[in-house]
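FYI, it's all coordinate maths here, none of it is from the lab. The structure presented is a predicted model; accordingly, all values stated were derived computationally and were not measured. Positions of Cβ are generated from backbone atoms using ideal geometry, with glycine treated the same way; all protein chains shown enter the neighbour counts.
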Amino acid sequence: MEPAATFWDQITFWILAACVVGGALYTMTRRNPVTAVMSLVGTFFALAATYATLSAHFLAIIQILVYAGAIMVLFIFVVMILNREEVAPVALRGLGARILGVVAGLYLVFVFARVIHLGTSAAVPVPSETFGTVASIGDLLFRDFLYPFESISLLLLVAIVGGVVISRSHKKEVAAEQAAERRKIVEQLAHADFPALSDAGAGDAHGGAGGHH
Amino acid sequence: MPATPTAAREGTTDMPTSYYLILSFVLFLIGTSGVLLRRNALIVLMGIELQLNAGNLALLAFSRQLGDQKGHAFAFVIIALAAAEAAVGLAILVALFRSRQTINLDEASLMKR
Amino acid sequence: MLFNLRLIPLMPFIGAALLMLFGRRWKRDTVVLVAAGAVLASCFVAFDAFFTRLPEVAETGGALTDVVWTWFSVGSGDTALKVDLAFRMDALSGLLCLIITFIGFLIHVYSAGYMAHEADYARFFAYLNLFCGAMLVLVLGDSLPVMFVGWEGVGLCSYLLIGFWYTDNANADAGKKAFITNRVGDFGFLLGMFLLFQYGGSLNFAEITAGATPSSALMQPFWLGQPVVFWAALLLFVGACGKSAQIPLYVWLPDAMAGPTPVSALIHAATMVTAGVYMVARLHAVYLLSPLAMAIVALVGAATAVFAAIIGFAQNDFKKVLAYSTVSQLGFMFAGVGTGNFDGGIFHLFTHAFFKAGLFLCAGSVMHAMSGSGDITRMGGLGKKLPWTHGVFVVCWLAICGIPIFSGFFSKDAIIAGAFATDLYREAGLAWVGKLVSFMLMAAALGTAFYMSRLYFLVFTGPSRADAETQKHIHESPGVMVGPLVLLAIGAALGGFIGIPGALVDHPELNLIGHLFEPVLGHELEIPHGIEIAFIVISTAIAASGIMLAWAFYGRGYREPAHQVAFKFPRFVALVRDKFRVDELYDAIIIRPLRGLARLLFQVVDRVLIDKFLVEGVGAAVDVIGRIARFFQMGDAQRYMAVFAIGAAGLVFFASRPPVPDDLRVTVEGMSVQVDARRSGRPSARELQYSFDFDDGREEKQTVPEAHHAYRQPGRYTIKVTVTDLRWGTSKSLKQKVEVQ
């Protein structure tokens, strides 16, 4: 496969590819979650640049705005809440199956790479002026794909509702539970010290025992 | 390297699609490995994001090859979907943390038989 | 010709914005300054435009235009639609601009005094400014969508202002009623607009007027044998009925009197309610194409005029009488434009704005004096105690009755005579419509004279029927309120002179308003001299007899004849006082069924279908499926993915292998062999490459599974066939021993 691209095109691609892959590897091998998030942001920026080389201008911007800008911020927030470093980064339970899975993944990558290598490399058509611009994609989204577009908003609504419901604080319920437990313990202690009480069940004696504790 | 002047217009590249596809596969592999091997739930979620982005990259490469913008629309939807999924996933994570005080997936084994 | 017409609606909007943001912190004087100043500035610009710039272009049929920006532009070719936010002032919209800004200004000044005790001062003036801006947009818009923006804007402001004192439920209900009834009309407006665009191709007034010829696509039959233009005109008229309070959508106007009196004066007398008339005049080219639609407009207008006048006979609230009077006078205007007398209709709009606004402001003055009450059964003898108000009221009263010299006379006469003499309907075979409308209007004029005179006599003459406490507080209004009153009275008195039927005295140039509208409205109604003079006499006679009749009943207080009528026809009088129970009718046939439907939907659809089946049902279904699925889980998501990857890899591995038979079929014929590497079953659709190694140093690569080979030397050979899948790059080989001799 002879690349017909210019020298600069190639350099751009390889640099960006290196950034992307490097960033991804870096992300996946960090222990500190903050570092990982930051390098993922960097990876996304490199990806956005890659999209731009594919004439996907609108999506490059969206990638930065939404992915790097919003989703990663979300991650940061959560990292701030759950700020813990871990001791050993690799999961140990069932390690065998996981390693096997990675190997399977590697195999698949090689198979696909070979398929591509064997296939014919068609010439890359030059995209039109309006390819990948906001106006033309907006056109597509609002006409042919209006229904999926509107469904996304429904999806986001579901996600919001789900997120709120799942992460609702259960403090009140927890407090109630703890209070109930405390009451139970008090009763048990009362009965343990004064076994006669459980037979008599007299109100004032019970109150007296409660007063001691 | 052949010194053919590029026929591409300014702002486009002539890089063959196969290169982008291989990049996409590699990225997907890295993401999958992260998901499979890491213990920290946050890192796992980030790996999932990498996988989604790999898919996006492949979509956009083919989109350019075929000159059809449907791929862009599809990628757009995927990004929105990734946002929703990240939100819900992180919410679950926060809830998990609140009850178990850990995000170590090894210890999230209550459901295990 | 470009001119900054945009300033005219812009300044009141700026005023409104400033007042909404900062008004509460400002002093009262500043608020009035800003609000009234904005409208006054608009007034100056409008006057400048109308009197100095417009004449330059008007002679040739042009107009002042101002395109602000392109609102939207969609479609292509035949279905393209481009709507600009643009304004256009010609004689028609210019005259209305003058009315709106001038009378608006006067009412702003008046409100400074009237609302002086009001806490929410800034909010009131902000809404007033907003209204003026929206009304100006309506009038100056150069296309139906822009007009509709103003249309809806005034509807909103009407709601906001009627329900200004919203803490009282009744006021809020009145505001809602106005808005909802308007909305019903707006629906018709929209449908009419859609029809016009679909068949006429444009929504721009200039283009509509140009394209409304008998040969246009609008004339093709649409429904019930009537052409498109008929239905479009009719639907647009429905919109006008809603906004301009005609039958059957007038019910909101009397209730709208719950708002402050300046609001009633500005919105429900002089400006907003005239929007419908303006719209019909604007689209005169369309209406002229359908005489049947115009006949309907005229008949509805005339019927409303009579109907509302009758209701006015028995109302006991000052403002309610004026409200029904407005409905009735609007009916006059519609009858005017419906009979082809566009000049007359707009002329009446002009004069009505002055005397009706004057009447309403007098009402405010009187109510101010009577400590806020508008009950005329408790008034009387206010003529001496409120001299200025009295004077203004007399002028406006004579104007509305149609007494000669005063403005109302000229405009009403123009309409009635025009209706009688119109030849619009001759071709449609409906010549009787003009005569009928004319007679109905004369009856309505008689009624108008009667109930307005009743109002006058009961309020301003005779002994006072108020209690002692109220009587002590009766006082004339402050200067800031009286000033506008006087100006309006002057307008009511002299305004008629712009429309003298000059043709009568062979000086046609005296008919200023006719000349003004000639380039815009084109069609001029020719009224034969004899009929004109006859109607002048008849109108005056009607007005005079109405006043005298009212004197007989109510001169200086309630008199014998009034008591006799009430005694002999109690049920009829009660019916009239209850406004013919139209509201109750609507309640029964529309509102109750809707409420019942809503209740039904709630009980059945919402409670059972949605809550039980869909919501709880979905939850239950998810639960069941979850229970089943749980059985198969092991609880570790990462291992799931590992299994997934392994499975996918395995799938790819087995699927990518080339199809290969269990055994090679080798047929030996002497020294040559025939090798067949086909797999049984249907032939593969894949790109395969077969490589035959015959073990004697020779190989063959080909794409068909059979090969023929001749050995040179006998012996034992091992034939190896390698099948390669060219796409996947996988290969598999088979060996077979063969012996050749």
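Test of understanding: what is the full-extension gain from C:Leu585 to C:Ala598, defined as 0.36 nm times their sequence separation minus their Cα-Cα distance? If you can, show how the numbers build up before the last one.
On the way: separation 13, 0.36 × 13 = 4.68 nm, distance 1.94 nm.
Length gained between C:Leu585 and C:Ala598: 2.7 nm.
Exposure proxy ranking for C:Tyr127, A:Tyr147, C:Tyr451, C:Tyr711, based on other Cβ atoms within 10 angstrom of each Cβ and starting from the fewest, stands as A:Tyr147, C:Tyr711, C:Tyr127, C:Tyr451.
Got the relative contact order for the stretch C:291-552 handy, in percent, Cα pairs under 8 Å and 6 or more residues apart? Can you show the working numbers first?
Details: 468 pairs, mean separation 71.2, N = 262.
Relative contact order of the stretch C:291-552: 27 percent.
The angle separating the long axis of helix C:387-401 from the principal Cα axis of greatest extent in chain C is about 70 degrees.
Taking other Cβ within 10 Å of each residue's Cβ, how do C:Glu526, C:Glu706 sort, fewest first?
Details: C:Glu526 9, C:Glu706 13.
Least crowded to most crowded, the residues run C:Glu526, C:Glu706.
Each label was represented as a point 7 Å from its Cα along the Cα-to-Cβ direction; for C:Asp623 and A:Glu187 these points are 2.8 nm apart.
Give the calculated FRET efficiency between B:Arg100 and C:Val67 to the nearest 0.05, with a Förster radius of 45 Å applied to their Cβ-Cβ distance. Before the final figure, lay out the partial values.
Values: r = 66 Å, r/R0 = 1.46.
Computed FRET efficiency for B:Arg100 and C:Val67 comes out at 0.10.
Label-to-label distance, A:Ser169 versus C:Asp467, with points set 7 angstrom from Cα along the beta-carbon direction: 5.9 nm.
A simple spin-label model places the labels of C:Asp578 and C:Glu700 10.9 nm from each other, with each point 7 Å out along Cα-to-Cβ.
Can you tell me the dipole magnitude for the stretch C:291-552 around its Cα centre, using point charges on the Cβ only (Lys, Arg +1; Asp, Glu -1), in Debye to the nearest 20?
Details: 12 positive and 15 negative charges, 214 e Å.
The dipole of the stretch C:291-552 has a size of about 1020 debye.
Look at the dipole of the protein assembly as shown built from charges on Cβ: of A:Ala70, C:Met671, C:Trp551, the Cα furthest out on the positive end belongs to A:Ala70.
For C:Lys568, the lysines whose Cα comes closer than 30 Å to its Cα, not counting residues fewer than 8 places off in the same chain, are C:Lys319, C:Lys320, C:Lys579.
Applying 1/(1 + (r/R0)^6) with R0 = 41 Å to the Cβ-Cβ distance of C:Thr52 and C:Ala534, what FRET efficiency is obtained, to the nearest 0.05? Let's see the in-between values first.
Numbers: r = 40 Å, r/R0 = 0.99.
Here the calculated transfer efficiency is 0.50.
Mean partner shielding of peptide B:45-51, defined as the number of other chain Cβ atoms within 10 Å of each residue Cβ, is 6.
Tilt of helix C:169-200 relative to the longest C-alpha principal axis of chain C, in degrees (0 to 90, nearest 10)? On a 0 to 90 degree scale, this one is about 60.
Between the Cα long axis of helix C:617-630 and the first principal axis of chain C there is an angle of about 20°, rounded to the nearest 10. Ordering C:His475, C:Val608, C:Val286 by the projection of their Cα atoms onto the charge dipole of the protein assembly as shown, which places +1 on the Cβ of Lys and Arg and -1 on the Cβ of Asp and Glu, puts C:Val608 at the extreme positive end.
Within the stretch C:297-324, what residues put their amide N at less than 11 Å from the label point 7 Å along the Cα-to-Cβ vector of C:Gln226? Under cut-off, by backbone N: C:297.
When you look at the Cβ of every residue in A:118-124, what mean number of other chain Cβ atoms sits within 10 Å?
Partner Cβ neighbours, averaged per residue: 5.
Could the peptides B:69-75, A:132-138, A:102-108 be put in order, highest first, of the mean number of other beta-carbon atoms found within 10 Å of their residues? Write out the running numbers ahead of the final one.
Values: B:69-75: 22.3, A:132-138: 16.6, A:102-108: 19.3.
Result, highest mean Cβ count within 10 Å first: B:69-75, A:102-108, A:132-138.
Over the protein assembly as shown, DSSP H runs of length four or greater, each weighted -39,500 (n - 2.57), average out per residue to a 222 nm ellipticity of -20500 deg cm²/dmol. Within a straight-line Cα-Cα reach of under 18 Å, C:Lys177 can be paired with the following aspartates and glutamates, leaving aside sequence neighbours fewer than 8 residues apart in one chain: C:Glu152, C:Asp168, C:Asp186, C:Asp255, C:Asp578, C:Asp583, C:Glu584, C:Asp587. Bridging of C:Lys27 to aspartates and glutamates at a Cα separation below 16 Å is possible for C:Glu118, C:Asp120, once same-chain residues fewer than 8 apart are set aside. For the pair C:Leu614 and C:Ala210, the difference between a 0.36 nm per residue extended length and the Cα-Cα distance amounts to 139.9 nm. Across the options C:Gly391, C:Ser373, C:Gln329, the greatest Cα extent toward the positive end of the charge dipole of the stretch C:267-421 (unit charges at beta carbon of Lys, Arg, Asp, Glu) belongs to C:Ser373.
Packing around the peptides C:216-229, C:663-676, taken as the average count of other Cβ atoms within 10 Å per residue, puts them in this order, highest first: C:216-229, C:663-676. Charges were assigned to the Cβ only: +1 to each Lys and Arg, -1 to each Asp and Glu. The resulting dipole of chain C about its Cα centre is roughly 2160 debye. Using Cβ point charges alone (K and R +1, D and E -1), the dipole size of the protein assembly as shown about the Cα centre works out to roughly 2580 debye.
Cross-link pairs exceeding 31 Å in C-alpha to C-alpha distance, out of C:Lys82/C:Lys243; B:Lys70/C:Lys732; C:Lys176/C:Lys435, comprise B:Lys70/C:Lys732; C:Lys176/C:Lys435.
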